[in-house]
Amino acid sequence: MNRIPQHVAIIMDGNGRWAKEKGQARLFGHATGVEAVREALTAASEVKVKYLTLYAFSTENWNRPKEEVDGLMDLLVKTISSELESLNNNDVRLLSIGNMAELPAACREELQLAIEKTKNNAGTVLILALNYSSKSEIKTAIKQIAQRYKNGEITLDQITDDLVSNHLYTAGIPDPELMIRTSGEIRISNFLLWQLAYSELHFTSKFWPDFKKEDFYQAIYEYQQRERRFGKVSEQVQP
Ligand code: FPP
């Protein structure tokens, strides 16, 4: 239980391939993926991971067939609504990152309601990345910082790592120490590019619907075996 990461981020991948293997529609894979969300969240709460960020919908996902996009939005609305009581019973606080303004109204409203109703919970913070793109997050931050510079509110010297971090959707949230991606794909896919600069990366070939609490613990265990040097040499970081 020592060296538990404060923040774990997950790219939940492989729902479609999992469903295809079973001769089922892709949406069945997403619906079963909700079970895996529950597994990951329960595991994170049990070992007191403070922040769990899940990549639920990227800006690029709008390009999928309309039926799948509509189905995913519907699933999100229904899941957020049906899980609200359980989030509160387990002291979980919900937050979101991404461009919420472009989400369908029903999804945005359900999300805002759940964020409001869980805001006083003090356990694990579940952060849903929805309509999220890291490049556009960074671009927005650059525009805001440039505007502040132009207004004379800040000098060039004041543009530090912390200042940039504070203009991202994740302002105030520590960077993930660990990022997990399922389904065997080994890439970042426009997810938390700034925040993952020094994260340990864990890739598993399991498809997301098959992800269990044990897989989450396995990833944490492997993280605990890694030496995080942040550019230094081994002797400098040994306790
Ligand atoms: C990636 O698999 C998964 C998604 C794009 C959606 C993830 C959504 C859920 C697990 C359900 C709802 C979640 C919450 C938080 C309530 P893919 O479709 O890219 O799979 P593939 O690569 O095999 O096609």
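Of note:
- Here Thr59, Thr42 are screened, and the one residue that is of a type in the set (Val, Ile, Thr) and in contact with a strand residue (DSSP E or B) (Cβ under 9 Å, 6 or more places away or on another chain) is Thr59.
- Filtering the stretch 47-61 for residues that are within 11 Å of the ligand (Cβ to nearest atom), open to solvent by 60 Å² or more (accessible area, probe 1.4 Å) and either charged (D, E, K, R) or at negative phi (or both) leaves a non-empty set.
- Neighbours by Cβ (under 9 Å, 6+ apart or cross-chain): first from the stretch 129-156, more than 24 Å from Trp62 (Cβ to Cβ) and assigned to a loop (DSSP other than H, G, I, E, B); second aromatic (Phe, Trp, Tyr) and open to solvent by 60 Å² or more (accessible area, probe 1.4 Å): Thr155/Tyr149
- The residue list Val125, Val69 contains one member that is crowded, with 16+ Cβ neighbours inside 10 Å and within 15 Å of the ligand (Cβ to nearest atom), which is Val125.
- Residue in the stretch 139-151 that is closer than 30 Å to Asp70 by Cα and surrounded by 15 or more Cβ atoms within 10 Å (Cβ to Cβ) present: yes
- Residues satisfying the stated conditions in the stretch 205-222, i.e. under 17 Å from Thr53 (Cα atoms) and either in a loop (DSSP other than H, G, I, E, B) or hydroxyl-bearing (Ser, Thr, Tyr) (or both): Phe211, Lys212, Tyr217
- Out of Tyr223, Tyr169, sole residue that is touching a residue at least 60 places away in the same chain (Cβ under 8 Å) and in contact with a Leu (Cβ under 6 Å, 6 or more places away or on another chain): Tyr223
- Ile180 being more than 30 Å from Ala146 (Cα to Cα), hydrophobic (A, V, I, L, M, F, W, C), surrounded by fewer than 21 Cβ atoms within 10 Å (Cβ to Cβ) and at pLDDT 95 or above: no
- Just so you know, in the stretch 18-31 the residues that are of a type outside the set (A, V, I, L, M) and open to solvent by 30 Å² or more (accessible area, probe 1.4 Å) include one that is farthest from the ligand (Cβ to nearest atom), and it is Gly23.
The values are calculated or read from the model by the stated rules, or taken from the named source; none is laboratory data. A quick note: this is a predicted structure, and the numbers were derived from the prediction, not measured. Glycine also receives a Cβ, built like all others from the backbone with ideal geometry; neighbour counts cover every protein chain displayed. Keep in mind that these areas ignore ligands, DNA and RNA; they rest on the heavy atoms of the full protein, side chains included. Shrake-Rupley method; radii C 1.70, N 1.55, O 1.52, S 1.80 Å.
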